[in-house]
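Scroll down for the structure; my scribbles are underneath it.
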Amino acid sequence: FTDAQGKTSKLSDFNGHVLILSFWASWCSACITNFKNTAFLRHDLQRNGIVLLNINLDEDINAYKNILQDLKIEGITAQPNALEQVKSAYEVEVLPHYVFIDKHNRTRTSLNHTEIAIQKMCTQLLNN
């Protein structure tokens, strides 16, 4: 993954942490609404040692960078280096899409993007 500043990261950089992959795009109105509605949740996740990685699926890099500036999105935000491979590997068909990875690198997928569902899954993963 490459962030807006050009820094490259790998999922293995986050080994031992609960990780949430949040797939989104600038054209996805539900994704944008979700960013606005769950801003407080990002701080709670971080406080609990959960890493939230916002993965943008825009093909247009300028749309991605513009929305980052417009929304002032906090946290780690990146684009996959191999877009189609990542979408296939994590079965991303509908946005927003969340993938939960526990401390033992086991992947659990949830399409339910409500705040309560995210909090519930995080609690389960932290207690594993």
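The values are calculated or read from the model by the stated rules, or taken from the named source; none is laboratory data. Everything numeric in this text was worked out from a predicted model, so none of it was measured. So basically every Cβ, Gly included, is an ideal-geometry build from the backbone, and we count neighbours across all protein chains shown. These accessible areas exclude ligands, DNA and RNA; they are computed on the full protein's heavy atoms, side chains included. Shrake-Rupley method; radii C 1.70, N 1.55, O 1.52, S 1.80 Å.
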Open item on the list: So, taking all protein chains as they sit and a 1.4 Å probe, how much accessible area belongs to L95, in Å² rounded to tens?
Closed with: 30
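So what is the accessible area of the chain per residue, in Å², with the probe set to 1.4 Å?
In whole numbers, the chain has 57 Å² accessible per residue.
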Open item on the list: Please compute the alpha carbon radius of gyration of region 1-47, then divide it by the globular-protein estimate 2.2 N^0.38 Å. Two decimals is fine.
Closed with: 1.34
Task: Paired Rg and Dmax values of the chain, which use every Cα atom, in angstrom - done: 13.6, 40
TODO: Could you tell me which Cys residues in the chain have no other cysteine's Cβ under 4.7 Å from their own Cβ, answering none if every one has a partner?
DONE: C122
- [ ] Name the residue farthest towards the positive end of the dipole of the chain from the options M121, A25, I67, assuming +1 on Cβ of Lys and Arg, -1 on Cβ of Asp and Glu, about the Cα centre.
- [x] M121
Open item on the list: Is the C-alpha gyration tensor of region 39-96 telling us rounded, prolate or oblate? Criteria: a/c under 1.5 is rounded; beyond that, a/b larger than b/c is prolate, otherwise oblate.
Closed with: oblate
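By DSSP, what percent of the beta bridges with both residues in the chain are antiparallel, rounded to the nearest 5?
55
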- [ ] Kindly report, to the nearest 10 Å², the accessible surface of H17 as traced by a 1.4 Å probe over protein heavy atoms only.
- [x] 80
